[in-house]
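K.L.:
Can you keep this structure in mind? I'll have questions shortly.
Each reported figure results from applying straightforward, stated rules to the coordinates on display, with no laboratory input. Note that this is a predicted model, so its numbers are computed, not measured. Don't worry about glycine lacking a Cβ; one is built from the backbone with ideal geometry, like all the others, and counts go over all protein chains shown.
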Amino acid sequence: MTTDRATLAASVMALLRAIAPEVEPDGLDFGRPLRSQVDLDSMDWLNFLVSLHERLGVTIPEADYARLVSFNDVLDYVLGSTGKGA
Amino acid sequence: MISFKLPSLGADMTEGTLLTWHVKPGDNVKRGQVVAVVDTSKAAIDVEIWQDGVVHELLVAPGEKVPVGTVLATLREPGDADATVAEVPAKTSASTVDPAPVAIAPAAAPAEPAVAAASDRQQAMRQAIAAAMSRSKREIPHYYLTETIPMQVATTWLLQRNGALPITERILPAALLLKAVAVALKRTPELNGLYLDGQFQPGAAVHAGVAISLRGGGLVAPAILEVQSKPLPQLMRELSDLVKRARAGSLRSSEMSDATITITNLGDQGVESVLGVIYPPQVALVGFGSILVRPWVLDGVVSAQPVVRATLAADHRVSDGHRGALFLAELRDLLQQPQLLAAAFTPTDSQKGDKA
């Protein structure tokens with residue numbers, strides 16, 4: 001379980017760094033709002049969610065955007081949706 | 001024989017460094033094909049050719065810095081050999097343009113040889129922006145207008161539309177605003193075009209320069225071409241693609257030189273409004289702030305509504321406040337009818353039975 005989460009965290013971090021290459025994985029606080037720590041505008045954010053969809057097969061309805069605030073929220077969401085096999 | 005020359009890539013560009021050739025002698029090239037990458041000392045730009053042909057000889061080697069107008073390569077006509085020398089620059093309208101226009105800035109430096117170090121780029125970009133903006137303020141008698149536009153209808157429409165679609169097809173408000181500007185400009189063509197040699201030349205189409213901030217500072221304003229005639233989903237894809245490529249430093253020469261108006265959207269930074277500086281030789285700049293929920297009075301009743309501040313900076317040599325106000329009013333009205341914007345000016349759709 002922890003390994004799964006750590007593996008997933010590494011994958012999601014790679015997707016994030018594809019959009020914001022300057023992000024230092026060690027410098028990111030997983031519990032704090034992501035978009036205030038990393039300079040992501042709405043286009044970056046959308047591209048990040050698109051890459052989650054394309055690489056990890058996660059479908060994120062627009063209504064759920066508000067739930068994705070911190071890096072941990074993103075991991076929880078992905079684990080939850082893949083857990084359901086969606 | 002055709003001479004392929006280094007074009008002026010919109011900016012106050014006087015020279016460029018050839019980074020890479022994508023073609024070699026004997027290759028067939030097609031109109032619009034990217035044949036070389038040129039570093040303008042501010043950005044690495046993919047340079048397109050605007051004529052079919054066969055590459056005859058490459059005259060400039062990677063790493064060489066040459067002035068604008070230098071023949072980079074010669075080409076043979078598609079059919080045959082040694083015709084007379086024709087002058088065919090890379091596809092750009094800016095080769096005929098006054099040589100100190102748009103502030104373009106360095107895209108984040110790709111890992112190529114001969115590209116200036118990041119700090120040099122940063123400095124060169126600041127200087128380029130400063131030069132273009134100083135020229136703008138010196139030469140263009142700006143006037144500024146502001147309009148608060150209710151966005152309840154538009155945001156509700158977007159939410160409903162996006163709700164039914166996969167994430168790759170969802171549309172951000174920025175794309176809708178872009179489309180609205182292009183359609184609104186139909187009524188006030190004197191805001192769309194270039195001021196050259198003491199005269200205004202109206203744009204035949206709306207090529208919207210989109211101000212894109214770069215990671216690490218600076219901005220570029222590459223153009224989305226023919227915005228008025230593109231359907232909304234296509235505009236969204238192009239906008240998304242343009243942002244990605246601008247930040248990765250892979251813009252094309254035609255995008256760097258053809259803008260007829262600039263749109264800046266600072267909404268993501270949370271500001272209420274932005275009053276922009278016009279990019280010469282353009283004559284107007286449209287700015288948008290954040291879409292914010294604010295008290296709004298309708299029929300004597302106050303309610304909380306999303307609104308956006310739209311601003312216009314325009315050139316008094318070409319238009320005046322009255323015409324500018326008409327443009328903003330049109331923009332406001334169009335944004336109350338997003339479904340019409342989505343359908344507006346899409347030739348393929350209208351051919352399929354929509355009323356013109």
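K.L.:
From the Cα trace of the stretch B:140-351, what convex hull volume per residue do you get, rounded to a whole Å³?
P.N.:
Enclosed volume per residue, from the Cα hull, is 135 Å³.
K.L.:
With a ≥ b ≥ c taken as the square roots of the eigenvalues of the C-alpha gyration tensor of the stretch B:166-257, please select rounded if a/c is under 1.5 and otherwise prolate if a/b is larger than b/c or oblate if it is not?
P.N.:
oblate
K.L.:
Please work out the FRET efficiency for the pair B:Ser134 and B:Arg215, using the Cβ-Cβ distance as r and a Förster radius of 30 Å; give the result to the nearest 0.05.
P.N.:
So the FRET efficiency works out to roughly 0.70.
K.L.:
Taking N as the number of residues in the stretch B:173-226, what is its alpha-carbon radius of gyration divided by 2.2 N^0.38 Å?
P.N.:
1.31
K.L.:
In nm, to one decimal, how far is the A:Ala63 label point from the B:Tyr144 one, both placed 7 Å along Cα→Cβ?
P.N.:
Here the modelled spin labels are 4.2 nm apart.
K.L.:
Give, as a single signed number, the net charge of other residues whose beta carbon lies under 10 Å from the beta carbon of B:Pro338, with Lys and Arg counted +1 and Asp and Glu -1.
P.N.:
Around B:Pro338, the surrounding residues sum to +2.
K.L.:
May I pose another question? Across bins of 5 angstrom width beginning at 0, how are the C-alpha pair distances of the stretch A:2-83 distributed, in whole percent?
P.N.:
It works out to 3, 15, 29, 31, 17, 5, 0, in whole percents.
K.L.:
Using a simple spin-label model with points 7 Å from Cα along the Cα→Cβ vector, what separation in nm is obtained for A:Asp4 and B:Arg294?
P.N.:
Simple spin-label model gives 4.8 nm for this pair.
K.L.:
Could I ask something else about it? How much FRET efficiency would the formula 1/(1 + (r/R0)^6) give for B:Trp50 and B:Lys186, where r is the Cβ-Cβ distance and R0 is 30 Å, rounded to 0.05?
P.N.:
That pair, B:Trp50 with B:Lys186, gives E of 0.65.
K.L.:
Gain in length, B:Thr168 to B:Thr14, computed as 0.36 nm per residue apart minus the alpha-carbon separation, to one decimal in nm?
P.N.:
Working it through step by step, the gained length comes to 51.4 nm.
K.L.:
Moving on. Would you please give the FRET efficiency between B:His22 and B:Val302, computed as 1/(1 + (r/R0)^6) with r the Cβ-Cβ distance and R0 = 56 Å, to the nearest 0.05?
P.N.:
0.40
K.L.:
Can you give the net charge of the other residues whose Cβ lies under 14 Å from the Cβ of B:Val293, counting K and R as +1 and D and E as -1?
P.N.:
Result for the neighbourhood of B:Val293: +1.
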